[in-house]
Amino acid sequence: MTRFRPFRNSDPPALVRLWNQAIPPSATARPLRVHELDTHAFGVVPFEAPGLIVGERNGRIVGFVHAGFGPELALASIPPFQLGFELGTIAMLVVEPGLDDQELAPGLLAAAEHYLRARGAKVVYAGGLFPLNPFYWGLYGGSEGSGVLSGHESFHRALIDRGYQPVSSTVLLEADLSNPEPRDPRAALIRRQTQVEFLEDALPANWWENLGVGHCPLTAARLLNKSDGSPLAHASIWDMQGFDREDGRSRIGLINLEVVPDYRRKGFGRFLVSEILRRARANLVGLVEVQTAASNQPALALYASLGFVPIEHSTLYRLP
Ligand SMILES: CC(C)(COP(=O)(O)OP(=O)(O)OC[C@H]1O[C@@H](n2cnc3c(N)ncnc32)[C@H](O)[C@@H]1OP(=O)(O)O)[C@@H](O)C(=O)NCCC(=O)NCCS
């Protein structure tokens, strides 16, 4: 018999134990420490205790589910810390291995759906893809947090059994910096026309990004036109602390890559990313991680041309 109840302040050690048993090792921070779960999940603005529900058997926590909401959009025009309550998401489901039976996972999902609806959700998603990524960015899902990781089988199974349907897919890619640097025939010309700037200890792009990765060292990279200093492209890099515990290889995450629309297809995106890889190599970083929608062919082709390979994919689900 499983008892479902909301989060209590004394729960984190048991939740971390479950995380370390049940979360897949790829694209996650594992083994996790208790204070890290506090930083990324329980200590953040969107956290509400009733949205984190634990399942107990004989007084022992055997699973938890965590639901929440994204920011009101658009981020730039709305005052900080305002959440949008129409769309809710089940950001995480963790069940003790071997116990994902007909009672535990469905019961947790039902409790999370009930919480989301009671708070105003009209549509229920599962997985944490921006803007529905209130928790776990920086612990789960690689460089940006995304949907349910392909290796997180118990979460997928529970969602599909309950009638959730996949709505989008994200590819997680990795560049191994011990491999030789790919050659770019246009690099010499672009180097003459442009200037690359790295700004260390950069500020996050907005309050939502600050909740996710603001506590990690963040670097902003900009590609500028040498003649007039106008921007051509930008990206940010964060130090993916904790993701190296399984294989001992340090990682940085590349986010917010964007080339100014009028300057696309001229090699600037590839040049900026290759400069980021070059700098990472010089700083003895082992791996660079990125992710993009499975439908974003330009980004996938750009990353492939620089030696990135897919390592995982993740899925966002919706309850019809
Ligand atoms: C994805 C993006 C960064 C590419 O930047 P870019 O400067 O236009 O790309 P490049 O000119 O450096 O292209 C490098 C390679 O990527 C591929 N590529 C880039 N744009 C492409 C497109 N529209 N269609 C197909 N392939 C494309 C090609 O293989 C290209 O090599 P080639 O020109 O020798 O054929 C740019 O389109 C962009 O800012 N998109 C919007 C934001 C975005 O999607 N960011 C990525 C999120 S992870």
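Take the chain, connect every pair of alpha-carbon atoms lying under 10 Å apart with a spring to form a Gaussian network, then pick out the residue of P80, P231, P180 with the largest mean-square fluctuation. In this elastic network of the chain, the residue with the biggest mean-square fluctuation among P80, P231, P180 is P180. Once backbone amide H atoms are built at 1.01 Å from N, G84 has G70, E72 as its partners under 5 Å, excluding neighbours fewer than 5 places away on the same chain.
The angle between the Cα long axis of helix 12-22 and the main principal axis of the chain comes to about 70°, on a 0 to 90 degree scale. Surface composition of the chain: carbon and sulfur make up 53 percent of the accessible area, probe 1.4 Å. Each label was represented as a point 7 Å from its Cα along the Cα-to-Cβ direction; for F130 and R33 these points are 2.8 nm apart. Which distance in nm do the two modelled labels at A293 and Q21 give, with both placed 7 Å along the Cα-to-Cβ direction? Inter-label distance under the simple model: 3.8 nm. Note that the range 187-197 has calculated 3J(HN,Hα) couplings of 4, 5, 5, 5, 4, 6, 8, 10, 9, 9, 10 Hz, one per residue in order, obtained from phi through the Karplus relation 6.51 cos²θ - 1.76 cosθ + 1.60 (θ = phi - 60°); glycine and proline are x.
With a sphere of radius 9 Å drawn around the Cβ of S143, what net charge do the other residues whose Cβ falls strictly inside it have (Lys, Arg +1; Asp, Glu -1)? Around S143, the surrounding residues sum to -1. Near T219, once Lys and Arg are set to +1 and Asp and Glu to -1 for all other residues with Cβ below 15 Å from its Cβ, the sum equals -2. Using the Cβ-Cβ distance between L203 and N225 with R0 = 35 Å, the FRET efficiency computed as 1/(1 + (r/R0)^6) comes to roughly 0.90.
Compared with the dominant Cα axis of the chain, that is its longest principal axis, helix 268-282 is turned about 80°. Based on the alpha-carbon gyration tensor of the range 181-320 and its eigenvalue square roots a ≥ b ≥ c, which shape applies: rounded if a/c is under 1.5, prolate if not and a/b is larger than b/c, or oblate? Since a/c stays below 1.5, the shape of the range 181-320 is classed as rounded.
Averaged per residue, the range 175-311 has 51 square angstrom of accessible surface, using a 1.4 angstrom probe with ligands and nucleic acids left out.
The values are calculated or read from the model by the stated rules, or taken from the named source; none is laboratory data. These numbers come from a predicted model, not from an experiment. So basically every Cβ, Gly included, is an ideal-geometry build from the backbone, and we count neighbours across all protein chains shown. To get the accessible areas, we keep the full protein, side chains included, count just its heavy atoms, and leave off ligands, DNA and RNA. Shrake-Rupley method; radii C 1.70, N 1.55, O 1.52, S 1.80 Å.
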